[in-house]
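Asks: Pasting a structure here, questions to come.
A short reminder: the numbers here are calculations on the coordinates, not readings from a lab. Computed from a predicted structure; not experimentally measured. Heads up, the Cβs are rebuilt from the backbone with ideal geometry, glycines too, and the neighbour counts pull from every protein chain shown.
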Amino acid sequence: MPDCPRCLVLTNDDFAYCAVCGRPRIVESLRAPKTPPDWLRPLQLIVFGVLSLWLVITLGVAFLREFKAVRDAKELLAAGKPQDAWALLGPFLQEHPQHEQGLLLGGQATIRLGRMTEAKQCLGTLTQLSPELGKQLGDDYRQVLPQRVREVGCNAEVFLQTMASAQSLGDPFPMSVTDSLAGFVEVCRNSGDTWGQGPSRLAQQGLGSDLVRKGYVPAIGKALQQARYGDAKALSQQAVRIVPAEAGEVRKVLNAERSKVMAT
């Protein structure tokens, strides 16, 4: 025999078994399949069944854990407990960094906790995965940021912190904060003798133009419409004192309201 039909190695001997692989060199032996033992087939079925059952259980447990984390976090957020919700979502998102509902809820929790790094990451990842859900999360951010300003009253430091948070997220979030300046000014107006300290602090930090145009001007206009002329006068005088460069904007709103009154 010149070679082995199994390992195809050339040999020079005439032994019945290959000197390389040790198997029979008779070609006919390759064509006669060996009948498997009777016990092998049932064993294969049992092993296959066990593996299938293990796979189903594993996937089912993973799905239930995922569903429970998202469901519980959603309920906690609805109950006003973002810290508890993030305690669930933080580890969950580490294991499932592209889970859309997890990112949505995680973003809602972190923006309420002021965790801007995580909030920005949730928004960026979710926007890439689902622009629609990313827009929904962005809208939530634009509601939460000015709400934080309204809740703290005439507190310039919190306002500046909120503005810094909005700026870290990028446009258009800072605009959501400056749009709340009218409410900030009115709250300060009702806070007593020191009501000018908050607006003065914002003007010192470079927000003077927005303070007048988005804060004082709407507040003055609202006071005039409600016939609160004393408040309108006080707001106008303070706006000009704090930001003299924007006196023209104050005169515009006063002239506009005066024209309306004369027209009637």
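Asks: In whole Hz and in residue order, list the ³J(HN,Hα) couplings for segment 160-167 that follow from phi through the Karplus curve 6.51 cos²θ - 1.76 cosθ + 1.60, θ = phi - 60°; x for Gly and Pro.
Replies: So the Karplus estimates, Gly and Pro as x, are 5, 5, 5, 5, 4, 5, 5, 5 Hz.
Asks: At q = 0.09, 0.14, 0.16, 0.19 Å⁻¹, what is the log10 ratio I(q)/I(0) for segment 69-215, with the Debye formula run over Cα points and no solvent?
Replies: Computed log10 I(q)/I(0) values: -0.31, -0.68, -0.82, -1.02.
Asks: Also: Over segment 203-246, what number does the Rg to Rh ratio reach, with both radii from the alpha-carbon atoms and Rh per Kirkwood?
Replies: Working: Rg = 10.4 Å, Rh = 10.4 Å.
So for segment 203-246, dividing Rg by the Kirkwood Rh gives 1.00.
Asks: Would you mind checking the pairs K120/K252; K74/K120; K81/K222; K74/K135 and listing those with alpha carbons more than 27 angstrom apart?
Replies: K120/K252; K81/K222
Asks: Here is a follow-up. Listed highest first by mean packing, meaning other Cβ atoms within 10 Å per residue, what order do 151-160, 222-231, 42-51 come in? Write down the numbers at each step before the final one.
Replies: On the way: 151-160: 16.4, 222-231: 14.1, 42-51: 10.0.
Descending packing order for the listed peptides: 151-160, 222-231, 42-51.
Asks: What distance in nm separates the simple spin-label points at E132 and D72, each placed 7 Å from Cα in the Cβ direction?
Replies: The two pseudo-label positions are separated by 2.9 nm.
Asks: How are the Cα pair distances of segment 165-264 distributed, in percent, across 5 Å bins from 0?
Replies: 2, 13, 24, 24, 17, 10, 6, 2, 1, 0
Asks: Multiplying the sequence separation of A234 and F48 by 0.36 nm and subtracting their Cα-Cα distance, what value in nm do you get?
Replies: Details: separation 186, 0.36 × 186 = 66.96 nm, distance 8.35 nm.
The span from A234 to F48 would gain 58.6 nm if fully extended.
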